[in-house]
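Before any comments, here is the structure.
The values are calculated or read from the model by the stated rules, or taken from the named source; none is laboratory data. All values derive from a computational prediction rather than experimental measurement. Glycine also receives a Cβ, built like all others from the backbone with ideal geometry; neighbour counts cover every protein chain displayed.
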Amino acid sequence: MAGQNVMEAQTFNTHKTVKMLRATGFTEPQAEALVEALSEFLSVVRQNFATKAELKAELKSLELRLVLWMVGIMLTTAGLVVAAFFAIVNFFL
């Protein structure tokens with residue numbers, strides 16, 4: 001299962017769940033209604049939650065943006081230092 005999305009790897013066994021609910025006292029219609037609701041919920045979860053791969057890709061993108069931002073700040077700072085140096089030199093000349 002390495003590298004495989006856990007949500008995709010695990011399936012919801014509706015028949016087994018209905019049997020379990022029936023064994024604990026649910027009526028057939030109650031068990032089926034609950035399993036239907038759970039199935040719909042899991043479907044929504046699978047559609048709306050990010051996978052590990054998606055999160056890793058987003059993290060890489062954010063890391064790149066952060067590095068570029070930091071480089072920009074460093075270049076701006078270096079430019080300000082150079083400008084201040086020349087301003088001081090021109091002031092004393």
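A quick yes/no check of all residues on (1) touching a helix residue (DSSP H, G or I) at 6+ places or on another chain (Cβ under 9 Å); (2) at pLDDT 95 or above; (3) not aliphatic (A, V, I, L, M):
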site	(1), (2), (3)
Leu21	yes, yes, no
Ala33	no, yes, no
Glu58	no, yes, yes
Leu64	no, yes, no
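Output the residues belonging to segment 16-54 that are outside any helix (DSSP H, G or I), surrounded by 14 or more Cβ atoms within 10 Å (Cβ to Cβ) and over 31 Å from the mean Cα position of the chain (by Cα). Across segment 16-54, the qualifying residue is only Phe26.
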